[in-house]
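Everything on this sheet refers to the single structure shown next.
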Amino acid sequence: MTERLYLVDCYIQDFAAIIKEILPTGIILDRSAFYPESGGQLGDQGKLKTENLEIIVKNTRQQRGKLIHEVETIEGLEVGIEIKGELNWVRRYQMMRAHTAQHCISRFFQINYSAETVSNKLKTSINRIDLSPLSKLSLEELNEIAAQINKLISSNMPVSISFLPRKEAINFLRDKEYQTQYLGMVPKSVKEFRIISINNYDWAACAGTHVQNTSEIGYITFEKTVNKGKLRERIYYSVS
C-alpha cells in the first residue's frame, strides 16, 4: 500500500519515493503526496523525475486500494528505482481552497436550511454542491447567503486534521450533527477515520485536501442554481 502523505500534511509539494509497481498506463509508489480522484475532488497532476527523466502525471486515481499515477509514458522506468514527485501546486492549492469552501457552504445550509449535501464536484474554476431538501433560491437570496459565508470564512477559522478509531469517530461526528448516515458506506475494513475540523463550526469525515485556515479560501461567489428534482438544488460556486 502506498503511504499517502497528503492525509497528514496537505502542503507537501515534492517528495522522494520508490517505484513499487509499473502498470501499462501508470505507476505505483511506496509513498506519494498525489491525491487520487475521489470524494468529488479531482486527482492531482504534476511530474515524476529521475536523474535522466521527467514524466508528466496526467491524473491520479485509485483502484482496489492502489494509488495509481497515470503517466504519459512508462519508458525508462523500473521497479525499485528512486523517483522524485512534484505536484502541480497551483492546481492542487485551488482544489484545497475549493474543498474547504465546500465544507463551509455545506455546514451553513445544514444549520440554516436543514439541507444536507448529497453530492459535490470540485474543479479548478466552477464547483458545484447538490443540497436537499432545498427549494429554489433567488439571486438576491444567494448573494445574501454568500455574504454571510464570506464573513465566516474571513474570520480566520483554523482547519485541523485528526484521526479517530471508527466507532469513536462515528459517535463524535453524530454529536456534532454530521451526516453520519453516509459513514455506513465506508468498508468495515477501515478502522480509523480522518476528521477535518473547522474551528468550532464544522466537523467531517473526509480524506480530501484542505487549507490550514479559512482565510486562505478567499471569497466565494454563487454563480447559479439548477433544480435537480423535487427539493434538490444544485448550487454552482467559485472561489477567488
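The values are calculated or read from the model by the stated rules, or taken from the named source; none is laboratory data. Just so you know, these numbers come straight off a predicted model, no measurement behind them. Virtual Cβ from ideal backbone geometry, glycine too; neighbours counted across all protein chains shown.
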task = Report yes if Lys49 is more than 22 Å from the chain's Cα centre (by Cα), among the basic types (Lys, Arg) and surrounded by fewer than 22 Cβ atoms within 10 Å (Cβ to Cβ), otherwise no.
result = yes
ask   = Of Tyr182, Tyr113, which residue is among the hydroxyl-bearing types (Ser, Thr, Tyr), closer than 27 Å to Phe34 by Cβ and without any contact (Cβ under 8 Å) to a residue 24 or more places away in the chain?
value = Tyr182
task = Name the single residue, out of those in region 21-56 being in a strand (DSSP E or B) and in contact (Cβ under 8 Å) with a residue 60 or more places away in the chain, that is nearest to Ile129 (Cα to Cα).
result = Gln41
Only one of Thr214, Thr225, Thr221 that is among the hydroxyl-bearing types (Ser, Thr, Tyr) and more than 15 Å from Cys104 (Cβ to Cβ) = Thr225
request  = Would you confirm whether any residue within region 179-186 is closer than 30 Å to Leu139 by Cα and not acidic (Asp, Glu)?
outcome  = yes
inquiry  = I'm checking my understanding of the structure. Among residues of region 10-38 that are of a type in the set (S, T, N, Q) and at pLDDT 95 or above, which one is nearest to Arg97 (Cα to Cα)?
reply    = Gln13
query = If you go through region 57-108, how many residues are touching a residue at least 60 places away in the same chain (Cβ under 8 Å) and of a type in the set (A, V, I, L, M, F, W, C)?
reply = 12
inquiry  = Take the conditions closer than 23 Å to Thr225 by Cα and either under 21 Å from the mean Cα position of the chain (by Cα) or β-branched (Val, Ile, Thr) (or both) and apply them to Ile196. Does it pass?
reply    = no
ask   = If Asn143 passes every condition in (1) within 20 Å of Lys230 (Cα to Cα); (2) surrounded by fewer than 16 Cβ atoms within 10 Å (Cβ to Cβ) but one, which one does it miss?
value = (1)
